[in-house]
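I have placed the structure first, in the form of structure tokens, so that the comments after it can refer back to it.
A short reminder: the numbers here are calculations on the coordinates, not readings from a lab. Note that the structure is predicted; figures quoted are calculated from it, not measured. No Cβ is skipped: glycine too gets one built from the backbone with ideal geometry, and neighbour counts run over all protein chains shown.
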Amino acid sequence: MALLALAEIINRMNGGTGWLYKIVLVIVVLVLLRLFVMLSKKITLQIVHKTKTELDDLIVGALDMPFTVVIILLATKYLMNLLLTSSLLVVTQKVLNATIILFFTIATARVTKILLEYWGKKFKEKTRSSMDTAVLPLLEKFTIFTVYSLGFIIMLKHLGVEIGPFLASLGIAGLAISLAAQKTLANVIAGVSLVLDKNFKVGDVVKVNNDAGKVIDVGFRSTKIKTFDNELMVIPNSKLADAILLNFAKPDLSVRGVVEFGVNYGSDPEKVKKVVMKAIKKVDVILDDPEPRVRFLEMGDYALKFKMYFWVPKYTERFSTKEEVRTIIYNALNKAGIGIPFPTQTIYLNNAGKKK
């Protein structure tokens, strides 16, 4: 206030031209703005340091420079109304508006980059895919490019540049690129959807159509599966997204095992069940819940057919447990004197028309 009063006195002594008053006013406004920015920054940092997340600290740090410049530019824009003539003022205001938009764009791009990196880090912790290192940086660059492109277009508009032809050329170029890379884009989009859907992850054992194996990589364009024959199966992501996929690790690691067997006709089904149920108690890996069961399915052509149902805690233990259960059932039935038939055929000959 003292500076403004002094400026007013100097202004009157100078014959009322007002130039000294305006210059002092500009200095006062800039000093006050600087104090305002410093105080705002100090208060904001004190607030964000109390939070548990580091995200707000990063955002405040990224906005420090653009925020300060934008405040100064807004004040400068106001002060130019006092210092410049109308002819020069129009051009200056356009340049200042474009510059303000530029720093708004820089601030938006910085915050967007921080958010994408932060969420990308959280996303990587939940998935184990090489596509994270390929798609996430690409998504980040594409988003930042889009932010700067929009800011550049708005700047051109405020500078009075005709942007219609520019937008038309961008549309044609984008259409040409999309047509040329149609299959690649389809695989990339399908790969992103596969990861977001979380139907499987690296390390899961899956079955696609009639082929099964372990997922070793979900890539940018394709997914790699190592079959049980130690062969590498590469499936384009677009085809995998449309395929019927069986994941042995979902919804949890436990899985059911089934063993079929048959006994001779004349055997007591209830005795067969008791013998088998008693025998499989020796297999420690079989879960008690769900409870194992033996079902009498049908009277087949040459045997009474049964199925043994049991659960194991991990799908990786199913095949070895099925082999162990088969061996135990076979030995238990033999020990109990229950016959295990093999396929037979009985041929009847009609001798009625044979000559004596």
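Placing R0 at 22 angstrom, the Cβ-Cβ distance between D284 and N247 gives a FRET efficiency of 0.25 after rounding to 0.05. Cα-Cα pairs above 27 Å in region 228-356: how many percent? The proportion of pairs with Cα distances above 27 Å equals 42 percent. Residues Y348, Y309, arranged from fewest to most other Cβ atoms within 10 angstrom of their Cβ, appear as Y348, Y309. Taking the fewest neighbouring Cβ atoms within 10 Å as the starting point, the ordered list for I101, I244, I235 is I244, I235, I101.
Gain on full extension, evaluated as 0.36 nm per residue between Y330 and A212 minus their Cα-Cα distance, stands at 39.6 nm. Overall, the ratio between the Cα radius of gyration of region 199-247 and 2.2 N^0.38 Å, rounded to two decimals, is 0.98.
Fully extending the segment from T316 to E298 would add 3.4 nm, taking 0.36 nm per residue of separation and subtracting the current Cα-Cα distance. List the residues of region 291-327 whose backbone N lies under 11 Å from a point placed 7 Å from the Cα of K274 along the Cα-to-Cβ direction. What the label zone holds, given the 11 Å backbone N cut-off, is no residue at all. Each other residue within a Cβ distance under 9 Å of F248 adds +1 if Lys or Arg and -1 if Asp or Glu, for a net charge of +2.
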